[in-house]
Amino acid sequence: MWERQHEQAADKIYFMCSDLGGFFLKIAQLLAKPDMAPAAWVKKLVTLCDQAPATPFDAIQLVLEKELGKSIGEIFETFDEKPLGSASIAHVHRAIVKGNKMNVVVKVQHPGIERLMMTDIRNLQLFALYMQRTDIKFDLHSITKEMEKQIGYEFDFKREANAMERIRCFLYENNKKSPVLVPRVLRDMVTKRVLVMEYINGIPILSIGDEMAKRGINPHGKIAEAAKQ
């Protein structure tokens, strides 16, 4: 009985967060963890980590071309209009760069998403202040302020590119063969709202369990242990 109730609740939360977007999508992603919510919720909400409602390509194209100062056709030989994934902040598309034919991934923010999400968080801060003055004797407001700060960082793709490069340098300086691959950033194609990096084929982290089972790999066996070395 409870499982059915959880499934119904998961559907309602999924559609509510999908419709509202912004910070509500971020909350859904946070809830999509086995230690945060019932299994039925996790199964439903985890899809919003990379299969959130997509923004029409025309709107994404406007952001991309405005940020890079050129048309898609001037920069890319091919550009897949269908996104590889869509999450709370950005779309991800595959493309091939003109000239060097490099396979890349293009990460583009949903138009207006920063303003929408920050508005949601500030509304939450007002609610937190109200709750503190009435029922809850706990500093909820400080938590929401920290959320505003940390989530705000996610809207700066230049900052993200810098972090990727620092991690990549550290891994390759300290390992002859790094066990972790970090995509190379195309520096001349990085802005606050657009990030272009090399494409690396792989398995989404959320699908690793299923992929291991498909390949007959015991997650506690020798192969899995060797991969952790």
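On the given criteria, is Val63 in contact with a Pro (Cβ under 6 Å, 6 or more places away or on another chain) and closer than 18 Å to Ala161 by Cβ? Spell out the reasoning first.
On the way: in contact with a Pro (Cβ under 6 Å, 6 or more places away or on another chain): yes; closer than 18 Å to Ala161 by Cβ: yes.
The answer is yes for Val63.
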* Quick one: in the stretch 81-133, which of the residues that are among the charged types (D, E, K, R) and within 16 Å of the chain's Cα centre (by Cα) is modelled with the lowest pLDDT? -> Glu114
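So in the stretch 146-184, with the set limited to residues that are small (Gly, Ala, Ser) and touching a Leu at 6+ places or on another chain (Cβ under 8 Å), which one is surrounded by the most Cβ atoms within 10 Å (Cβ to Cβ)? Reasoning before the result, please.
Taking the stretch 146-184 first, the residues small (Gly, Ala, Ser) are 152, 161, 163, 178.
Next cut, touching a Leu at 6+ places or on another chain (Cβ under 8 Å) only: 161, 178.
On the way: Ala161: 20, Ser178: 14.
Filtering the stretch 146-184 for residues that are small (Gly, Ala, Ser) and touching a Leu at 6+ places or on another chain (Cβ under 8 Å), the one surrounded by the most Cβ atoms within 10 Å (Cβ to Cβ) comes out as Ala161.
Answer with yes or no whether Met164 is closer than 21 Å to Ala87 by Cβ and in contact (Cβ under 8 Å) with a residue 60 or more places away in the chain.
Details: closer than 21 Å to Ala87 by Cβ: yes; in contact (Cβ under 8 Å) with a residue 60 or more places away in the chain: no.
For Met164, the condition - closer than 21 Å to Ala87 by Cβ and in contact (Cβ under 8 Å) with a residue 60 or more places away in the chain - is not met.
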* Asked: Got a sec? Which helices (runs of 4 or more DSSP H) wholly within the stretch 1-115 have at least 2 residues that are among the acidic types (Asp, Glu) and without any contact (Cβ under 8 Å) to a residue 40 or more places away in the chain?
  -> 2-20, 57-68
* Have a look at Lys192, Lys177, Lys137 and point out the one that is touching a residue at least 12 places away in the same chain (Cβ under 8 Å) and assigned to a loop (DSSP other than H, G, I, E, B). => Lys192
* Among Met131, Met147, Met164, which is the only one that is of a type in the set (A, V, I, L, M), part of a helix (DSSP H, G or I) and within 20 Å of Pro204 (Cβ to Cβ)? -> Met164
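The values are calculated or read from the model by the stated rules, or taken from the named source; none is laboratory data. Note that the structure is predicted; figures quoted are calculated from it, not measured. No Cβ is skipped: glycine too gets one built from the backbone with ideal geometry, and neighbour counts run over all protein chains shown.
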